[in-house]
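For reference, the structure discussed in these notes is given below.
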Amino acid sequence: MAELTLFPSYHNPENQATNYCGLILKLVYQASPLRLEEILGSLIGDRIPVQIGPRFEQQRKYKNAIPDLEIRQSAFTIRMETKLGTGHDVNQLANHIDALKDPNGLKIVLLLNSSEEETYLFEPALQAGADRAGVVLVHLSFDNFYSTLDRKCRGISETLDDEIEQFGDYLADMGLRSSWQGWINVLSTQHSQNEIAGNVYMCPLTRAYSFSRTKYLGTYWDKHIRTVHSIRACVIIDLNQTGARVKWKNSKDDDSVLQSVAISAVKSFPYRAQENVNSELQVYLLDPEFANTKVLYDSYGGMRGHRYLPIPMEFAVNVSEAAKFLKDQETFSNVKSIGAE
């Protein structure tokens, strides 16, 4: 057993993801117990009432008594099992169900994974065992988990808003938010305008630049998103341009074509070619067609690092529609609010 921590010692990615999912819920509870109750109600289902904290009632009627005041707290146990893929381990969940036979009160086993199926089906025998034990089986995707947190907790405090945003970035960087077509990766490009003009964005292959797959790239400088570009692919360039490999691609181009274009792009910028002597590079190949937009970063100071912003699927059909959607929202906060609905 280990406490949730900002600095987990786990090396297993599933254990790390579980730690951070639990930690963000703990931070919400510390900020507002009632808001955590609302979140659990949305995640688990309002038909399964989870009460956080005591209830205070006056003159509550019972068969043979009416106490002047009653302070009551309902018991519940939620056990979470995290999988980074889309499936689950039947035996593992069965063991969780069996272990929950003794506790009193509401009992829930929550499976968190990457599946986006609206109706997630558990094996009939597993579901029957849960029913017999009085355990509620619930499936939850990482996307749904994050969007519910973002929607329910906005405005509690600037600190919590920032922590939830960082949590969303962590999920995206780990590839746990599957709806890549509905996201734009906004990058600070003030010193990369010549590369953007050449339909590329380049950066070192390091953890700080470990970006998740998205459909769009947004350029940012002077507190505003300025342009929206469709991403063809992300290509990794070996040292000294001796080779290349496609990390992921959104286009239907052959890998060999994308690799060749990326290597040529590095060679066309001498400072990148020099950087590539000691460091592998990531090259984001962009479609020549782009769209202008203007979206204000309305938090204190300037944007540090990068930000993922959601784009509703009806606006994610092309760069023009995506740019128009962003411009109509006017600010980062409005974009996130609309996208979380």
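The values are calculated or read from the model by the stated rules, or taken from the named source; none is laboratory data. Note that this is a predicted model, so its numbers are computed, not measured. As a convention, Cβ positions derive from the backbone with ideal geometry for all residues, glycine included, and neighbour counts pool all protein chains shown.
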Item to complete: Could you please find all residues in region 90-113 being among the charged types (D, E, K, R), part of a loop (DSSP other than H, G, I, E, B) and surrounded by 12 or more Cβ atoms within 10 Å (Cβ to Cβ)?
Response: none
Discussion item. What pairs come out if I take residues in region 285-298 that are closer than 12 Å to ILE225 by Cβ and pair them with residues that are part of a strand (DSSP E or B) and charged (D, E, K, R) whose C-beta lies under 8 Å away, six or more apart or interchain?
Written reply: ASN292/ARG226; THR293/ARG226; LYS294/ARG226
Worksheet, complete the sentence: The condition from (1) surrounded by 12 or more Cβ atoms within 10 Å (Cβ to Cβ); (2) touching a residue at least 24 places away in the same chain (Cβ under 8 Å) that LYS249 misses is numbered (2)
Worksheet item: Tell me, which residue of region 179-208 that is in contact (Cβ under 8 Å) with a residue 24 or more places away in the chain and aliphatic (A, V, I, L, M) is surrounded by the fewest Cβ atoms within 10 Å (Cβ to Cβ)?
Response: ALA208
Practice prompt. Would you be able to say whether some residue in region 209-216 is in contact with a Cys (Cβ under 6 Å, 6 or more places away or on another chain) and either surrounded by fewer than 17 Cβ atoms within 10 Å (Cβ to Cβ) or small (Gly, Ala, Ser) (or both)?
Written response: yes
Practice prompt. Would you point out which residue out of SER147, SER141 is more than 30 Å from PHE56 (Cα to Cα), surrounded by 13 or more Cβ atoms within 10 Å (Cβ to Cβ), modelled with pLDDT of 85 or more and hydroxyl-bearing (Ser, Thr, Tyr)?
Written response: SER141
Worksheet item: Does LEU285 meet the test of being of a type in the set (A, V, I, L, M) and over 20 Å from ASP238 (Cα atoms)?
Response: no
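Where in region 115-212 are there strands (runs of 3 or more DSSP E), lying fully within it, with 2 or more residues that are within 21 Å of the chain's Cα centre (by Cα) and within 21 Å of GLY22 (Cβ to Cβ)?
Passing ranges, in order: 136-141.
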Item to complete: Kindly establish whether ASN318 is in contact with a strand residue (DSSP E or B) (Cβ under 6 Å, 6 or more places away or on another chain) and touching a residue at least 60 places away in the same chain (Cβ under 8 Å).
Response: no
Response to the item:
So the strands (runs of 3 or more DSSP E) completely within region 43-82 holding 3 or more residues that are surrounded by fewer than 12 Cβ atoms within 10 Å (Cβ to Cβ) are 55-58, 69-72
Worksheet item: Out of all the residues in region 287-295, is one or more within 25 Å of the chain's Cα centre (by Cα), surrounded by fewer than 18 Cβ atoms within 10 Å (Cβ to Cβ) and in the same structural domain as PHE332 (by TED's automatic domain parsing)?
Response: yes
